[in-house]
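Peer 1: Below are the structure tokens for one structure; questions will follow.
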């Protein structure tokens with residue numbers, strides 16, 4: 001199942017808590033998850049400083065468990081909104097009266 005994960009800030013967390021060491025560990029873990037096929041796509045938003053991840057997981061609960069392994073999440077510095085996605089079914093309408 002495809003899962004969209006949108007980073008959201010944690011109230012009260014200041015930028016100075018994001019150390020170089022934590023950022024490097026975050027990048028390493030994201031790379032591991034990308035290599036494993038769990039993270040399919042990874043972006044930063046153009047309109048604000050936040051990550052957008054496309055995950056491949058069994059369900060939203062699994063996605064939350066995976067995201068919890070990211071060092072910035074584990075340290076309580078960021079969190080994610082987890083949105084399960086379904087394939088768009090609308091194209092079936094194009095063929096409803098064919099046959």
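Peer 1: Please go through region 61-89 and pick out each residue that is outside any loop (DSSP other than H, G, I, E, B), in contact with a helix residue (DSSP H, G or I) (Cβ under 9 Å, 6 or more places away or on another chain), in contact (Cβ under 8 Å) with a residue 40 or more places away in the chain and closer than 20 Å to residue 30 by Cβ.
Peer 2: 67, 71, 72, 78, 79, 80, 82, 83
Peer 1: Additional query: Testing residue 92 on (1) modelled with pLDDT of 95 or more; (2) assigned to a helix (DSSP H, G or I); (3) surrounded by fewer than 14 Cβ atoms within 10 Å (Cβ to Cβ), one condition comes back false. Which one is that?
Peer 2: Only one criterion is unmet by residue 92, namely (1).
Peer 1: Return the only residue of 29, 17 being touching a residue at least 24 places away in the same chain (Cβ under 8 Å) and more than 15 Å from residue 79 (Cα to Cα).
Peer 2: Testing whether each residue is touching a residue at least 24 places away in the same chain (Cβ under 8 Å) and more than 15 Å from residue 79 (Cα to Cα) leaves just 29.
Peer 1: Count, please, the residues in region 44-60 that happen to be over 10 Å from residue 5 (Cβ atoms), at pLDDT 95 or above and assigned to a loop (DSSP other than H, G, I, E, B).
Peer 2: Final tally of qualifying residues: 6.
Peer 1: Sort out which residues of region 25-45 are farther than 20 Å from residue 83 by Cα and out of contact with any helix residue (DSSP H, G or I) (no Cβ under 9 Å at 6 or more places or on another chain), and write them in order of number.
Peer 2: 27, 31, 32, 35, 36
Peer 1: Would you pick out the residues in region 1-39 that are assigned to a strand (DSSP E or B) and surrounded by 14 or more Cβ atoms within 10 Å (Cβ to Cβ)?
Peer 2: 2, 3, 4, 5, 6, 7, 39, listed by residue number.
Peer 1: Could I ask something else about it? Please specify each residue of region 45-99 satisfying the condition of being out of contact with any strand residue (DSSP E or B) (no Cβ under 6 Å at 6 or more places or on another chain) and within 20 Å of residue 22 (Cα to Cα).
Peer 2: Listed by number, the residues that qualify are 49, 65, 66, 68, 69, 70, 71, 73, 74, 75, 76, 77.
The values are calculated or read from the model by the stated rules, or taken from the named source; none is laboratory data. Since this is a predicted model, take the numbers as computed values, not measurements. For neighbour counting, all protein chains shown are included, and Cβ atoms are generated from backbone atoms with ideal geometry for every residue, glycine included.
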